[in-house]
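Heads up, the thing below is written out as C-alpha cells.
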Amino acid sequence: QVQLVESGGGVVQAGGYRRLSCATSGSIFRFNVMGWYRQAPGKQRELVAVITSDGRTTYADSVKGRFTISRDNAKNTMYLQMNSLNAEDTAVYYCKGVTYPDSSWGQGTQVTVSS
C-alpha cells in the first residue's frame, strides 16, 4: 500500500484561498482515480473532487467553480486549489488514490475558515 501525505492546511480567512497537496510515496500512475474528500465535525465524509488518470474532473456542487483539482505526474502529487473559501469549507481534507478495486487514504489536513 502506497502512502499518501496531505499538506497545505491551516487557518484561512473567509474569501481567501489555499492550495492543498497530496504527495504519493510511489508513482502516481498507480492510481486510476484520485480524489479529495472532507469531513466536518458531526458530519459524514463527503466527496469534494475527483480526477482520473486521463485528466477528467468532477466536483461536488458545493465547491464547483471555486475549487480546482489537478495532478502533476512528474511530481507524483495531486493538488486542490481552493478559492473563495467560506465557513462551510471548514473540515479535515483527505486525499484518496484508487487502483481498482483497492484504495489508499492520507491522514488528512485541517482547513479552518475564519470570519
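Of everything in the range 1-31 that is touching a Phe, Trp or Tyr at 6+ places or on another chain (Cβ under 7 Å) and open to solvent by less than 60 Å² (accessible area, probe 1.4 Å), the residue that is nearest to Q81 (Cα to Cα) is L20. The number of residues in the range 17-33 being hydrophobic (A, V, I, L, M, F, W, C) and under 19 Å from Q110 (Cα atoms) comes to 3.
Residues that are assigned to a loop (DSSP other than H, G, I, E, B) and in contact (Cβ under 8 Å) with a residue 60 or more places away in the chain do not occur anywhere in the range 52-65. Considering every residue within the range 38-49, establish whether at least one is loosely packed, with under 13 Cβ neighbours inside 10 Å, more than 11 Å from the chain's Cα centre (by Cα), in a loop (DSSP other than H, G, I, E, B) and of a type in the set (K, R). Yes, because at least one residue in the range 38-49 is loosely packed, with under 13 Cβ neighbours inside 10 Å, more than 11 Å from the chain's Cα centre (by Cα), in a loop (DSSP other than H, G, I, E, B) and of a type in the set (K, R).
State all residues of the range 13-37 that are under 26 Å from N76 (Cβ atoms) and assigned to a strand (DSSP E or B); if no residue qualifies, say none.
The initial filter retains those residues of the range 13-37 that are under 26 Å from N76 (Cβ atoms), namely 17-37.
R18, R19, L20, S21, C22, A23, T24, V33, M34, G35, W36, Y37 - these are the residues of the range 13-37 that are under 26 Å from N76 (Cβ atoms) and assigned to a strand (DSSP E or B).
Among the numbered conditions (1) of a type in the set (S, T, N, Q); (2) within 18 Å of G108 (Cα to Cα); (3) at pLDDT below 95; (4) touching a Phe, Trp or Tyr at 6+ places or on another chain (Cβ under 6 Å), tell me where S70 comes up short. In the conditions (1) of a type in the set (S, T, N, Q); (2) within 18 Å of G108 (Cα to Cα); (3) at pLDDT below 95; (4) touching a Phe, Trp or Tyr at 6+ places or on another chain (Cβ under 6 Å), S70 misses (3) alone. The set of residues from the range 52-79 being touching a strand residue (DSSP E or B) at 6+ places or on another chain (Cβ under 8 Å), hydrophobic (A, V, I, L, M, F, W, C) and surrounded by fewer than 19 Cβ atoms within 10 Å (Cβ to Cβ) comprises just one member, A60. Of all positions in the range 87-108, none carries a residue that is at positive phi and without any contact (Cβ under 8 Å) to a residue 12 or more places away in the chain. Look at T99 and say whether it is closer than 24 Å to T24 by Cα, under 14 Å from the mean Cα position of the chain (by Cα) and β-branched (V, I, T). So T99 fails the test.
Can you pull out the residues in the range 80-115 that are surrounded by fewer than 19 Cβ atoms within 10 Å (Cβ to Cβ) and aliphatic (A, V, I, L, M)? Matches in the range 80-115: A87, V92, V98.
The values are calculated or read from the model by the stated rules, or taken from the named source; none is laboratory data. This one's a predicted model, so the numbers in the text were calculated from it and none came from an experiment. Heads up, the Cβs are rebuilt from the backbone with ideal geometry, glycines too, and the neighbour counts pull from every protein chain shown. What goes into the accessible areas is simple: the full protein's heavy atoms, side chains included, and nothing from ligands, DNA or RNA. Shrake-Rupley method; radii C 1.70, N 1.55, O 1.52, S 1.80 Å.
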